[in-house]
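Please read the structure below before turning to the comments.
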Amino acid sequence: MKIFGDSISGNCLKVKWTADYLGLPYEWIETGVLNGETRTLQFLAVNPAGQVPAVILDDGRPLAQSNAIIAHLAEGSDLIPDDPYDRAKMFEWMFWEQYSHEPAIAVARFARVYRGVEPDPKIMERGEAALRLMEKTLHTQAWFAGDRLSLADVSLVAYTRVAHEGGFNLAPYPGVRGWISLLESALGIG
Ligand SMILES: N[C@@H](CCC(=O)N[C@@H](CS)C(=O)NCC(=O)O)C(=O)O
């Protein structure tokens, strides 16, 4: 498998961490979002949307969208709960991550770290709301879906662990900080 990714991107790291956790062999092809490498004709043939991550599977078929890729890689593994309700909860959090978490927390980080500008205050409010919901959830459970590590955690931790780079203070979220440490050891990262 070939993974096209930019190492600065949490969406791309989700794919790397999932492949590493599952022991899947791959070739990482560093594809920069800041230097136009996602817009070359060669890369657009892999993902016409011009975004990383994208993979070319062993049989030659391409796949994009971080959460779709990790769902495919983890098919049949312990990263996807067997129980249908827990599995649906996993997807619930992964869809929420893409609509209500990543567009605030990753976008704030991109603005501050890579564009050198202060994020829109509305983005910061949205990010705080996402962190509050995660904190509340983690008061009553250790993992986001079921009773063990799943793709919901992998997906959510990617940008949560670097939320401070976007200007979010994680001090008021002890549950989130504890969960990040748990994830970092479970995935062997950080
Ligand atoms: N929803 C997509 C987001 C992909 C995305 O926005 N990728 C960014 C890097 S994190 C990118 O490739 N940006 C370059 C561009 O849009 O030109 C996913 O989860 O994979």
Exercise for review: Set Lys and Arg Cβ to +1 and Asp and Glu Cβ to -1, take the dipole of segment 117-190 about its Cα centre, and tell me which of I123, A142, A171 lies farthest positive.
Suggested key: A142
Revision key, fill the gap. Between the modelled labels at L182 and D20 (7 Å from Cα along Cα→Cβ) the distance in nm is 2.1 nm
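Could you state the per residue volume, in Å³, of the convex hull enclosing the Cα atoms of the chain? Walk me through the numbers before you get to the answer.
Numbers: hull volume 21.8 nm³, N = 190.
Hull volume normalised by residue count: 115 Å³.
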Point to revise | Span per principal axis, largest first, for the Cα atoms of segment 18-86 (Å) | key: 42, 24, 23
Exercise for review: Run a plain Debye calculation on segment 66-169 (Cα atoms as equal point scatterers, no solvent) and give log10 I(q)/I(0) at q = 0.14, 0.15 Å⁻¹, rounded to two decimals, same order as the q list.
Suggested key: -0.55, -0.62
**Study point:** Contact order relative to length of the chain, as percent, for alpha carbon pairs under 8 angstrom and 6 or more apart
**Key:** 20 percent
Review point. Points 7 angstrom from Cα along the Cβ direction at Q98 and L44: gap in nanometres?
Key: 2.3 nm
Practice item. Please grab the % of Cα pairs in segment 1-49 that end up more than 17 Å from each other. Key: 35 percent
Point to revise | Model label zone, I8; criterion: amide N under 18 Å from point 7 Å along Cα-to-beta-carbon; scope segment 101-124 | key: 103-120
Practice item. Compute the Rg/Rh shape ratio of segment 111-177: radius of gyration over Kirkwood radius, all on alpha-carbon atoms. Key: 1.01
Review point. Which loop-located trypsin sites (Lys or Arg not before Pro) does segment 105-190 contain, where loop means any DSSP state but H, G, I, E or B and the Cβ has at most 12 other Cβ atoms within 10 Å?
Key: R115
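Dipole size in debye (nearest 20) for the chain around its Cα centre, Lys and Arg Cβ +1, Asp and Glu Cβ -1? If you can, show how the numbers build up before the last one.
Values: 17 positive and 24 negative charges, 99 e Å.
For the chain, the charge dipole is close to 480 debye.
Mind putting a number on the dipole of segment 64-111 about its Cα centre? Charges go on the C-beta only, +1 for Lys and Arg and -1 for Asp and Glu, and I need it in Debye to the nearest 20. Numbers along the way, then the final one.
Working: 3 positive and 8 negative charges, 57 e Å.
That gives a dipole near 280 debye.
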**Study point:** Dipole magnitude of segment 1-108 about its Cα centre (Cβ charges: Lys, Arg +1; Asp, Glu -1), debye to nearest 20
**Key:** 340 debye
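Could I get the Rg over Rh figure for segment 96-141? Both from C-alpha atoms, Rh via Kirkwood, rounded to two places. All intermediate terms of the calculation are to be shown ahead of the outcome.
Working: Rg = 11.6 Å, Rh = 11.0 Å.
Rounded to two decimals, Rg over Rh is 1.06.
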Check your understanding: Once every DSSP H run of n ≥ 4 in the chain is given -39500 (n - 2.57) and the sum is divided by its residues, what mean residue ellipticity at 222 nm do you get, rounded to the nearest 500 deg cm²/dmol?
Key -> -14000 deg cm²/dmol
**Study point:** Kirkwood Rh (inverse of mean 1/r, distinct Cα pairs), segment 125-164, angstrom
**Key:** 10.7 Å
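No lab work stands behind these numbers, since they all come straight from the coordinates. Worth saying up front: this structure is predicted, and the values here are computed from it rather than measured. Ideal geometry is used to build each Cβ from the backbone, glycine not excepted, and the neighbour counts take in all protein chains shown.
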